[in-house]
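The values are calculated or read from the model by the stated rules, or taken from the named source; none is laboratory data. Fair warning: this is a prediction, and the values are worked out from it, not measured in the lab. Cβ: placed from backbone, ideal geometry, glycine included. Neighbour counts: every protein chain shown. Calculation scope for accessible area: heavy atoms of the full protein, side chains included, ligands and nucleic acids excluded. Shrake-Rupley method; radii C 1.70, N 1.55, O 1.52, S 1.80 Å.
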Amino acid sequence: MRPRDERHSVLIRGRMRSGGPMVDVCVRNVSKNGMMLQAPEAPRRGDYVEVRLQEDTIVGQVVWSSDRRFGIRTRDRVPVWRLLGRPSPIERGTGGERLNATRAAAARAHSESRYFGRAAEFLILALAVTAVAGFFAFMGYEALASLTTQIKTHL
């Protein structure tokens with residue numbers, strides 16, 4: 001016989017649909033393959049339910065039902081770590097430290113690249129403004145030089 005999955009006691013509010021409108025539910029415990037919920041009225045054994053929690057939508061089948069509480073076996077694995085507000089198994093341990101260090105380095109590189117991009121953008125804009133100002137200064141100089149030449153020839 002297979003050992004029972006570890007249960008985690010929780011109190012998580014959510015919404016559930018079981019063939020009708022959405023109703024409020026409360027998750028009482030959770031494991032990687034199921035959960036126990038409490039609702040105003042428990043669905044019947046064998047019914048399929050859709051449970052919306054935080055950013056997760058979980059689909060499962062009711063395996064037991066009693067008054068307001070019932071248990072479901074989920075179709076997919078339940079993200080227990082996310083529901084408990086803990087780091088994912090990938091982020092835990094030595095691999096997680098490496099992953100977090102890699103993410104920090106990537107964030108730093110991204111920040112530096114944005115800084116250099118903005119500096120290059122400012123430099124190009126400054127050069128363009130300088131070029132336009134130089135062009136108009138040259139045109140003004142040419143106009144004044146032409147005007148000065150005309151005045152000298154008439155005197």
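Which label belongs to the value computed from this structure, given these candidates for Cα Rg over 2.2 N^0.38 Å: (1) 2.29; (2) 0.98; (3) 1.13?
Matching the structure shown: (1).
Long-range amide H contacts for N29: which residues qualify at under 5 Å (H placed 1.01 Å from N, peptide plane, sequence gap of 5 or more or a different chain)?
Residues meeting the amide H criterion: V10, M36.
Where the accessible area of the stretch 1-65 is counted over protein heavy atoms with a 1.4 Å probe, how much of it, in %, is carbon and sulfur? Before the final figure, lay out each step's value.
Numbers: 1910 of 4140 Å².
Summing carbon and sulfur atoms, their accessible area is 46 percent of the total for the stretch 1-65.
Calculate, for E121 and R77, the FRET efficiency according to 1/(1 + (r/R0)^6) with r their C-beta to C-beta distance and R0 30 Å; round to the nearest 0.05.
Numbers: r = 46 Å, r/R0 = 1.53.
After rounding to 0.05, the efficiency reads 0.05.
If you bin every alpha carbon distance in the stretch 1-80 into 5 Å steps from zero, what whole percent lands in each bin?
All Cα pairs, binned at 5 Å, distribute as 3, 17, 30, 30, 14, 4, 1, 0 percent.
Per the helix-only calculation at 222 nm, which mean residue ellipticity applies to the chain, given -39500 (n - 2.57) for every DSSP H run of n ≥ 4 and division by its residues, nearest 500 deg cm²/dmol? Provide the component values of the computation, followed by the final result.
Details: 2 runs with 66 residues, N = 155.
Calculated at 222 nm, the ellipticity per residue is -15500 deg cm²/dmol.
Please calculate the 1.4 Å probe accessible area of E55, with all protein chains present, and give it to the nearest 10 Å².
130 Å²
Taking Cα centroids, how far is the stretch 101-155 from the stretch 1-31 in Å?
The stretch 101-155 and the stretch 1-31 have Cα centres spaced 63 Å from each other.
Hey, in the GNM for the chain with a 10 angstrom Cα cutoff, which one of G20, G134, G60 fluctuates hardest?
Of G20, G134, G60, the Gaussian network model singles out G134 as fluctuating most.
Return one number: the angle in degrees, 0 to 90 and rounded to the nearest 10, between the long axis of the Cα atoms of helix 93-154 and the longest principal axis of the Cα atoms of the chain.
For helix 93-154, the angle is close to 20 degrees.
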